[in-house]
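Presented below is the structure to which this report refers.
The values are calculated or read from the model by the stated rules, or taken from the named source; none is laboratory data. These numbers come from a predicted model, not from an experiment. Here the Cβ is made from the backbone with ideal geometry for all residues, glycine too, and neighbour counts use every protein chain on show. Quick note on the areas: whole protein, heavy atoms, side chains included, nothing else; ligands and nucleic acids left out. Shrake-Rupley method; radii C 1.70, N 1.55, O 1.52, S 1.80 Å.
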Amino acid sequence: MRENRKRDSVLREGMDVMRRQSGRYLSSLLVSSALMLGASAGAAAQESHAHAEAVPEAAPAAVRTVRWSDPAAWPDGKVPGEGDAVTIARGTEVVLDVSPPALRSLTVDGKLRFANDRDVNLETEWIYLRGGELEIGSEAEPYTRQATITLTDKVPGEDVNTMGDRGIMLMRGTLSLHGEREHTWSKLSRTAEKGSTTIEVLDASGWRKGDEIVLASTDFDPRQAEKRSIAAIKGNTITLDRPLEYMHFGEITFGVDERGEVGLLTRNIRIQASDDAEQSYFGGHIMAMTASQVHISGVELYRMGQHLTLARYPMHWHLVGDASGQYIKNSAIHDTYSRCVTVHGTNNARVENNVTYNTVGHCFFLEDGIETGNQFVRNLGIQTKCHPTLPCEPTHLGPAGLATSTPGRGAAGQKSKNILIASDNTASTFWITNPDNSYIGNVAA
């Protein structure tokens, strides 16, 4: 009995040693992996205080709240100036109470919150949420002022921790953007004739003078979609800033609802690239990586997406895994250069009540076919294109390798240098690769 107890004691001690050694070995692997990940970012990004390095654990609750405009809030006693690379430290919440001069970059380890008592503009090359948080309004208290983030590209070719450039990039970060708009699209209640300066819709509640709207094409040509501003509004009757160039049908015929859709493009929170993107097609992007949290509602994404560049889309969940509780909803994504919302290696996200217009490539995009449980609810997609300006080169319809007699159809479609992936030559508003996802009430126009 004593020998058995002694043998058991020796075995237990041996197991304890093995567990300690194993724990040290695992820690070593984790540190090595983090260093390898960190080494991948470009030198330019490192010089601007956003080293591609091991990302700390999510920031703790902020213990110090300061105002951006207060010199005492900053380590050197100076409010950041034009061209500065700014870092918000862990344990610090900075309230953006001014529109600062154009920044070099912004790295957030703590929290940046936009003041909700004034209009605020923020201009920077990129924003890196390195375990930190960016908040403009909340679900409980949506933002009511005007907020604009403009992403510039004065220092091209950066690669912030493998997430590229000109974006809002999250590595275990939290993005909380909540604007005030919820009613995003309606339908015509009667036909709007060519040359008309007024339209009637089923429901224009919450829409305002000065808002931008888009009327979907009701013709076989999707390019007959038209963007207009609201010059005046009374009830559900909208006066346009200029006449319509095309007729837009607004009737139910033989029990079939053929009324054209009308989408609202204006939001009080706007994320955009600067206007040089209109020539380069290199727009901004939002990319959420592992362990990040995205909650977006009532936001306008404009001049976003980077044409012919993988993984740089207006909104992109990238290998997040379980995204239960995360969403983009009530938002407008328009005049962009690569996709709309990409869900990649991510499950259970919610994409709801969004309006897209004049976008390039597959718009609402399930990337690998492994994504499940995502919910696409009542989204409206208008004018999905293959390229910002060039016509499509559709996939040939004849046998493999055989050209057809129809102009523009043939093997060239699969080989086009002007699309991101081969199937984009017949770009789809909803690209569904796995039926284990929900699609309810969506419209492609």
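With a sphere of radius 11 Å drawn around the Cβ of Ser438, what net charge do the other residues whose Cβ falls strictly inside it have (Lys, Arg +1; Asp, Glu -1)? Before the final figure, lay out each step's value.
Values: positive: Arg350; negative: Glu352, Asp436.
With Lys, Arg at +1 and Asp, Glu at -1, the net is -1.
Using +1 on the beta carbon of Lys and Arg, -1 on that of Asp and Glu, and nothing else charged, what's the dipole of region 261-367 about the Cα centre, debye to 20? Could you put the intermediate results ahead of the total?
Working: 7 positive and 9 negative charges, 36 e Å.
So the magnitude is around 180 debye.
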* Residue pairs, from the table Lys111/Lys329; Lys154/Lys385; Lys78/Lys154; Lys187/Lys227; Lys329/Lys385; Lys187/Lys234, whose Cα atoms sit over 20 Å apart -> Lys111/Lys329; Lys154/Lys385; Lys78/Lys154; Lys329/Lys385
* Distance (nanometres) between label positions extended 7 Å along Cα→Cβ at Ala140 and Ser99 -> 3.1 nm
* Asked: Where the only charges are on Cβ atoms (+1 Lys, Arg; -1 Asp, Glu), what is the dipole of region 183-222 about its Cα centre, to the nearest 20 debye?
  -> 160 debye
* Asked: In a shell of Cβ-Cβ distance under 12 Å around Phe365, excluding Phe365 itself, what net charge do Lys and Arg (+1) and Asp and Glu (-1) give?
  -> -3
* Asked: What residue among Pro243, Ser274, Gly206 has its Cα farthest toward the positive end of the dipole of region 206-304, where the charges are +1 on Lys, Arg and -1 on Asp, Glu, each on the Cβ?
  -> Gly206
* **Inter-centroid distance (Cα atoms) of region 213-240 relative to region 149-170, Å** => 34 Å
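Determine, from the Cβ-Cβ distance of Leu319 and Ser428 and an R0 of 25 Å, the FRET efficiency 1/(1 + (r/R0)^6), rounded to the nearest 0.05.
Values: r = 23 Å, r/R0 = 0.91.
After rounding to 0.05, the efficiency reads 0.65.
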* Carbon and sulfur %, accessible surface of region 326-375 computed with the full protein complex present, 1.4 Å -> 36 percent
* Structure fact -> Note: region 167-242, point scatterers on Cα, Debye, no solvent; log10 I/I(0) at q = 0.12, 0.17, 0.18, 0.26 Å⁻¹ equals -0.44, -0.71, -0.76, -1.34
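What whole-number value in Å² describes the accessible area per residue of region 54-186 for a 1.4 Å probe? Provide the component values of the computation, followed by the final result.
Numbers: 5090 Å² over 133 residues.
On a per-residue basis, region 54-186 sits at 38 Å².
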* Hey, what's region 236-385 come to in accessible area per residue, 1.4 Å probe, Å²? -> 30 Å²
